[in-house]
Amino acid sequence: MWVANNIILTPLSDGGCSCIPTLILRNKATHQVVCTAPSSLEKSTLFQKTFFPCQSTASEPPEEFPYPPPSWGFQPITDNQIQCAISFINPFKAMQAGSIPNCIIKNCQSVLVPHLGPIFWGTFSLDYYPEEWACTEMIVLKKPGKLNYTNPSSWQPIVLSDSLA
């Protein structure tokens, strides 16, 4: 009865959907409000400026720059290298939707590695990198311990990618 009473009396919520409050960008010196971002589009633009500030343009190297010779030649990845890489992956790391979870790759590596090698070799021999591997998703999460989540720097970007990329 107690649990049912708490459920009934609990105010309605957004059903667990995360909500980013209106972001407020302040001048670092004067602490005055520079701009606010109430809409999703404005928030994403402000996050983009916060996480990826404009960089100065890099100058091009001289035309006849004397590069040293390569230290080694390219060699295709080996099954042992793939197994070594799989042994280091976190089995419960968040992945992009639709990709193979790391725990499956880690637990089935003896079956998968003989098939993964030719797939990776094909990316080099065919000069083809699947578009699905190149696509990533970026989500923003609250930095723990921050008191004011209206400040864009109180959030951190997390990139989700395909497990095979």
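The values are calculated or read from the model by the stated rules, or taken from the named source; none is laboratory data. On a predicted model such as this, the values are computed, not experimentally measured, just so you know. Cβ placement follows ideal geometry from the backbone for every residue including glycine, while neighbour counts extend to all protein chains displayed. These accessible areas exclude ligands, DNA and RNA; they are computed on the full protein's heavy atoms, side chains included. Shrake-Rupley method; radii C 1.70, N 1.55, O 1.52, S 1.80 Å.
Table for the structure above
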item	result
Hz values of 3J(HN,Hα) by residue in segment 151-158 - Karplus curve (6.51, -1.76, 1.60), Gly and Pro given as x	8, x, 7, 8, 10, 10, x, 10
The chain: angle of helix 79-88 to the longest principal axis, Cα-based, in degrees nearest 10	20 degrees
Rounded FRET efficiency, nearest 0.05, which uses the C-beta distance separating E63 from K143 and R0 of 45 Å	0.50
Charge context of E137, other residues only, Cβ under 15 angstrom, K/R +1, D/E -1	-2
Accessible surface of M138 - all protein chains present, 1.4 Å probe, nearest 10 Å²	90 Å²
Accessible heavy-atom area order of E42, E64, highest first, probe of 1.4 Å	E64, E42
Extended-chain gain in nm, criterion 0.36 nm per residue less alpha-carbon gap, C103 and A29	21.9 nm
Centroid-to-centroid separation of segment 74-92 and segment 141-165 [C-alpha atoms, Å]	28 Å
Protection proxy ranking, peptides 69-81, 115-127, average beta carbon neighbours within 10 Å, highest first	115-127, 69-81
Using a Förster distance of 35 Å, the FRET efficiency for T22-V159 (Cβ separation, nearest 0.05)	0.90
Accessible-area composition of segment 52-124, carbon plus sulfur, in percent [1.4 Å probe]	64 percent
Accessible surface, 1.4 Å probe, highest first, among residues C103, C19	C19, C103
Where trypsin sites (Lys or Arg not before Pro) fall in DSSP loop in segment 41-140, at most 14 other Cβ within 10 Å	K93
The chain: angle of helix 109-125 to the longest principal axis, Cα-based, in degrees nearest 10	70 degrees
Net lengthening on full extension, E132/F120 (0.36 nm per residue, minus Cα-Cα)	2.9 nm
Size of electric dipole in the chain: Cβ of Lys, Arg +1 and of Asp, Glu -1, about Cα centre, debye, nearest 20	1060 debye
Of C19, N107, S40, farthest towards positive along the dipole that unit charges on Lys, Arg, Asp, Glu beta carbons give the chain	C19
Calculated [θ] (222 nm, deg cm²/dmol) that DSSP helices of n ≥ 4 give over the chain, each run adding -39,500 (n - 2.57)	-10000 deg cm²/dmol
Relative contact order of the chain, pairs being alpha-carbon contacts under 8 Å that are 6 or more residues apart, as %	23 percent
Per residue, in Å², the accessible surface of the chain once ligands and nucleic acids are set aside, probe 1.4 Å	80 Å²
Accessible area in the full protein assembly, largest first, 1.4 Å probe, for I104, I158	I104, I158
Positive minus negative residues near I104 (Lys, Arg vs Asp, Glu; Cβ under 14 Å)	+1
Summed residue charge, Cβ within 13 Å of M95's Cβ, Lys/Arg positive, Asp/Glu negative	-1
